[in-house]
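Q: Can you keep this structure in mind? I'll have questions shortly.
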Amino acid sequence: MRHLVALAVLSQFAIAQTNAQNPVSDELTKAKEAYQKEIEKAKASFIFGFEFAEKAIQNRSSLSGEQKVSQIQTLRGEKETFLESGMAPASIGMKTYITEYQVALSRSERAMIKAFDTELDAVAKKKDFNRGAALLTEKKALVKEIDERRNRLEFGALLGKWSVEVIGSNFRSVWTFTPDNCLTSSEGAKNGKWKFDKDKRRIVITWDEVKNAWETLKFPVDPKGTLGETWLNPSYRVKAVKIK
């Protein structure tokens, strides 16, 4: 939770610092304030969802006492994980709340980006391109913040360190996935990018140093063991086990 609080404070500080150096219009200032409030409101509402989901488990007569205790333990663990890392819970009882949270975030994010675009159009008409450059930098930082928050929420199980082997070869490595869609490898190519292939339900990995090199992992990933494919040989298989 301290990590998320620190990010929020840093984000607000960066905005305040930019504003001090580059005065903004009242409309953009109001949009920033509204954005921060809506993001905080959406998160608070989502956290309340854990309480509602727990009460639903407590009141479910079809569950045995053991089942209730087990499911509540899991739910509370998922809440703690969300507060620490921003990762979405897997419990079925939270599905509706996840959707509501994503919709609220998306609505606020679109409004904030639109406000930046409106301001950029205004300064361009005034030919104030120095101000425009500062605004564009700030907008890019916002988009990066949005993308990383979404990745933590939707792909939190992927983020972190994985022990990787390519079955059929002697290759072994540790891959570290980060929320900015990047990853590093302890062996072979050192730096790469990851993205989600929605159609084939898999994580696709490409490597910066090796042209046309790729690997995949099935999605959703299983920390205990996830298989995938590699460009090295159609018969080889990637096996990844999460270690952190």
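Computed from the coordinates by the stated procedures, all read-outs in this text should not be read as laboratory data. It should be emphasised that the depicted structure is a prediction, and the values quoted were computed from it without experimental measurement. No Cβ is skipped: glycine too gets one built from the backbone with ideal geometry, and neighbour counts run over all protein chains shown.
Q: I'd like the Karplus ³J(HN,Hα) series for region 58-68: coefficients 6.51, -1.76, 1.60, θ = phi - 60°, whole numbers in Hz, and an x wherever there's a Gly or Pro.
A: 4, 8, 7, 5, 6, 9, 6, x, 5, 5, 4
Q: Taking only DSSP H segments of four or more residues, each worth -39500 (n - 2.57), what value at 222 nm results for the chain once the sum is divided by all its residues, to the nearest 500 deg cm²/dmol? Intermediate results must be reported in sequence, preceding the final value.
A: Values: 5 runs with 131 residues, N = 244.
So the calculated ellipticity at 222 nm is -19000 deg cm²/dmol.
Q: Then there is this: Below 8 Å, C-alpha to C-alpha, sequence gap of six or more: please give me the relative contact order for the chain in percent.
A: Numbers: 310 pairs, mean separation 33.7, N = 244.
In percent, rounded to a whole number, it is 14.
Q: Quick one: compute the contact order of region 131-201, relative version, from alpha carbon pairs under 8 angstrom and 6+ residues apart, as a percent. Mind showing how you got there, number by number?
A: On the way: 71 pairs, mean separation 14.2, N = 71.
For region 131-201, the relative contact order is 20 percent.
Q: Can you work out the FRET efficiency for the pair Asn212 and Glu165, with r the C-beta to C-beta distance and R0 = 25 Å, to the nearest 0.05?
A: Values: r = 22 Å, r/R0 = 0.87.
That gives a FRET efficiency of 0.70.
Q: Follow-up question, since we're still on this one. What's the local net charge at Ser91, with K and R +1, D and E -1, over the other residues with C-beta under 14 Å away? Mind dumping the intermediate values first?
A: Working: positive: Lys55, Arg60, Lys68, Arg76, Lys79, Lys95; negative: Glu51, Glu54, Glu78, Glu80.
That works out to +2.
Q: Ok, one more. How much length is gained on full extension from Trp231 to Leu63, taking 0.36 nm per residue of separation minus their Cα-Cα distance?
A: Between Trp231 and Leu63, full extension yields 55.8 nm more.
Q: For the chain, modelled as a Gaussian network with Cα springs under 10 Å, which listed residue fluctuates most, Gly228, Gly132, Gly65?
A: Of Gly228, Gly132, Gly65, the Gaussian network model singles out Gly65 as fluctuating most.
Q: What's the extension gain from Ala111 to Thr184 if we count 0.36 nm per residue and subtract their Cα-Cα distance?
A: On the way: separation 73, 0.36 × 73 = 26.28 nm, distance 3.39 nm.
Computed gain between Ala111 and Thr184 is 22.9 nm.
Q: For Cys182, list long-range residues whose amide hydrogen, built 1.01 Å from N in the peptide plane, is under 5 Å from its own amide hydrogen.
A: Here the answer is Trp194, since their amide H atoms fall under 5 Å of that of Cys182.
Q: Suppose each label sits 7 Å from its Cα in the direction of the beta carbon; what would the Asp147-Lys95 distance come out to in nanometres?
A: About 3.0 nm, to one decimal.
Q: Next up: About the Cα centre, and with charges only on the beta carbon of Lys, Arg (+1) and Asp, Glu (-1), how big is the dipole of the chain? Nearest 20 debye, please.
A: Details: 41 positive and 32 negative charges, 64 e Å.
That gives a dipole near 300 debye.
Q: In what sequence do Ser61, Ser108, Ser235 fall when counting other Cβ within 10 Å, fewest first?
A: Ordered from fewest to most neighbouring Cβ atoms within 10 Å, Ser61, Ser108, Ser235 come out as Ser61, Ser235, Ser108.
Q: What is the spin-label model distance, in nm, from Thr118 to Lys140 if the labels are put 7 Å beyond Cα along the C-beta direction?
A: Rounded to a tenth, the inter-label distance reads 2.5 nm.
Q: Between region 192-228 and region 142-172, what is the separation of their alpha carbon centroids in Å?
A: Between the Cα centre of region 192-228 and that of region 142-172, the gap is 9 Å.
Q: For Lys244 paired with Phe129, estimate the spin-label separation in nm (one decimal), with each label point 7 Å from Cα along the Cα-to-Cβ line.
A: Between Lys244 and Phe129, the label points sit 4.6 nm apart.
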